[in-house]
Amino acid sequence: MGTVIEYLKEYGDYTFQEKPFTEVDSLALCQLSYLKFDGMVPGVQEDKKPVTLKELEKRKDFDRLFADERFEKQNRALVAGMLGGKRFRKLRLDHYINIVEKEWETQFSAVTFILDDGTVYVAYRGTDESIVGWKEDFNMAFRSPVPGQEYSVSYINMVTRQIRCPLYVGGHSKGGNLAVYSAMNCYPEVQDRIIQIYSLDGPGFRPEVLEKGKYDLIADRVTKILPQSSLVGMLFESDMRFQVVESRTFGLAQHDPFTWRVEQDHLVRADGIYQGRKRMDNTLNQWILSLDEEQLKVFVDTLYQVISASKADNLIDLTAGWKVSMTRIVAALKEVDDQTTEILKRVIRSLFEIAAANRKRETARKVSLRRAKRQSKLKPFCRKA
């Protein structure tokens, strides 16, 4: 039992004609979309030929692809695995876009992969290390569409005008949310060409967003995959069916798809989300949906304001210089005005109240189950009497 890296070693020499597209192929492409293709893959506005992975490998600035220090080792192994076999060696990359707009609190990136079986995979990048990217994730709690979601629809409509092939759509983390959102809201003729949509531990949607976006039109083509300790993918999880897979690690580190267990050509299924994690996720979702838009906006804006006080542009810098960052964050907290502080107190108090109510219900349920179990054991003796 291995990971996506071992999958590429075992099945990398099968073409898509010899072995059809799998969910692990989708995982590999979603992770590939995190690489820094700026200036290396033709942009959405450029009239250039797509580039292959092999052509990228020959570039002098090839190492620039792996600028994300968190997953450099794994990403290098991923690309090496793809280059090592026939399956992805001729993969072509096109229509790259990468937008980070602090003013509009937006981080959006996507790339189109052209497979040699005549299909296309539209991949949306998840949240990168930029703090702006994480702010946009939080904005989803009270605002829809966020700019990234609007961009995702424009992107898929534009790309599919130029490449008229059957397509897959997918992404990891926020990218999974964008994949589903774009598939719900794209042109009908584009929607008809979608084979499958993959959301890999991607956040869900507020109920009204699913209803407005006519989710039912694509529901049977959505594959949503979560690890057992999912937090991100369980946000607003209510009306979307999902499958749970095993991971080689524990806790929130399971969000990393490089840890997901692969056996032969598929991800290893688990029985379900861990019960403790599920209770926490349900409490968080109840809390978010119980707050009005203004309370959520104040909470998210203040959180962003405080973290931004660290003067770090990305999470790597924030954690690398954590002593300096925390000093600045603590100072920023003191500057929060009284009215905002009072709203924050009420918001956080409501979270604890919901958590307490859920614990009370769970305790009552367990007591009831134990009582029923004892009574079932006593029934034979009662009949004898």
Counting only residues that are over 23 Å from Arg164 (Cβ atoms) and of a type in the set (Lys, Arg), which one in region 175-213 is most open to solvent (accessible area, probe 1.4 Å)? Lys212
Show the residue pairs meeting these rules: Cβ distance below 6 Å; 6+ apart or different chains; first residue within region 86-111 and closer than 16 Å to Leu29 by Cβ and acidic (Asp, Glu); second residue modelled with pLDDT of 95 or more and open to solvent by less than 30 Å² (accessible area, probe 1.4 Å). Asp94/Pro42; Asp94/Thr112
Subset of region 150-207, residues aromatic (Phe, Trp, Tyr) and in contact (Cβ under 8 Å) with a residue 60 or more places away in the chain, comes to Tyr155, Tyr168, Tyr198, Phe205
Can you find even one residue in region 71-86 that is exposed (fewer than 14 other Cβ atoms within 10 Å of the Cβ) and not in a helix (DSSP H, G or I)? no
Those residues of region 41-61 which are in contact with a strand residue (DSSP E or B) (Cβ under 6 Å, 6 or more places away or on another chain) and either open to solvent by 40 Å² or more (accessible area, probe 1.4 Å) or modelled with pLDDT of 95 or more (or both) amount to Val41, Pro42, Gly43, Pro50, Val51, Thr52
Residues being closer than 21 Å to Leu200 by Cβ, of a type in the set (A, V, I, L, M, F, W, C) and at pLDDT below 95 - total across region 135-169: 4
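Could you tell me how many of the residues in region 10-38 are open to solvent by less than 70 Å² (accessible area, probe 1.4 Å) and assigned to a loop (DSSP other than H, G, I, E, B)?
12
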Could you check Ile225 against (1) aliphatic (A, V, I, L, M); (2) closer than 23 Å to Gly272 by Cα; (3) over 17 Å from the mean Cα position of the chain (by Cα) and say which number it fails? (3)
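The values are calculated or read from the model by the stated rules, or taken from the named source; none is laboratory data. From a predicted model like this one, the values you see are computed outputs, not experimental measurements. Neighbour counts are summed over all protein chains in view; Cβ atoms, including those assigned to glycine, are modelled from backbone coordinates with ideal geometry. For accessibility, only protein heavy atoms count, side chains too; no ligands or nucleic acids. Shrake-Rupley method; radii C 1.70, N 1.55, O 1.52, S 1.80 Å.
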